[in-house]
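Chemist: To start, I am sharing the structure in question, which I have written as structure tokens.
The values are calculated or read from the model by the stated rules, or taken from the named source; none is laboratory data. What you are looking at is a predicted structure, and each value in this text was computed from that prediction instead of being measured. A quick note on method: Cβ atoms are made from the backbone with ideal geometry, for glycine too, and the neighbour counts reach across all protein chains shown. Note: areas computed on protein heavy atoms with side chains; ligands, DNA, RNA excluded. Shrake-Rupley method; radii C 1.70, N 1.55, O 1.52, S 1.80 Å.
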Amino acid sequence: MISLTACLTLSAFLFACGVLCIATKRNAVGILLGIELVLHAANVKFVAFARFEPTFRLEGQVFAVLVIVLAAAEAAVALAIFLNFYNNFATVDVEQATDLKG
């Protein structure tokens, strides 16, 4: 049986990998992958607490589903922005994003 400590350790590892990916990548798709890792780390934590804490049974799973919906919406919007940026500048390098006008 997997313990709460193992789940929280996995969640912390996923979160650290996501933050490292966000901080080091220059490619917009790599940054998006880092954000997804951070969101999945939160999901692992929510589901772990839903499994092991009796007062957090339903809420943890509901929050996990909401995070999945948020991740899907974020990915759709971010990919649309990246495609538009690629059509204008022929690159997805985030250093070139300073040329955008708002």
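Chemist: Can you name the condition, by its number, that Glu36 falls short on among (1) more than 12 Å from the chain's Cα centre (by Cα); (2) acidic (Asp, Glu); (3) open to solvent by less than 60 Å² (accessible area, probe 1.4 Å)?
Modeler: Every listed condition holds for Glu36 apart from (1).
Chemist: Right, next: So which residues in the stretch 52-87 are farther than 21 Å from Glu36 by Cα and exposed (fewer than 11 other Cβ atoms within 10 Å of the Cβ), if there are any at all?
Modeler: Correct list: Pro54, Thr55, Leu58, Asn87.
Chemist: Something else: Within the set of pairs 6+ apart or on separate chains, which have a first residue in the stretch 11-22 that is under 12 Å from Lys45 (Cβ atoms), a second that is acidic (Asp, Glu) and surrounded by fewer than 16 Cβ atoms within 10 Å (Cβ to Cβ), and C-beta atoms under 6 Å apart?
Modeler: No pair meets every condition.
Chemist: Just one of Thr55, Thr24 is modelled with pLDDT under 90 and out of contact with any Asp or Glu (no Cβ under 9 Å at 6 or more places or on another chain); which is it?
Modeler: Just one listed residue meets the conditions, Thr55.
Chemist: Given (1) more than 21 Å from Val92 (Cα to Cα); (2) open to solvent by 70 Å² or more (accessible area, probe 1.4 Å), identify the lone condition not met by Val44.
Modeler: Here Val44 clears every test but (2).
Chemist: Among the numbered criteria (1) within 20 Å of the chain's Cα centre (by Cα); (2) under 30 Å from Leu4 (Cβ atoms), which one does Phe56 miss?
Modeler: Failing condition for Phe56: (1).
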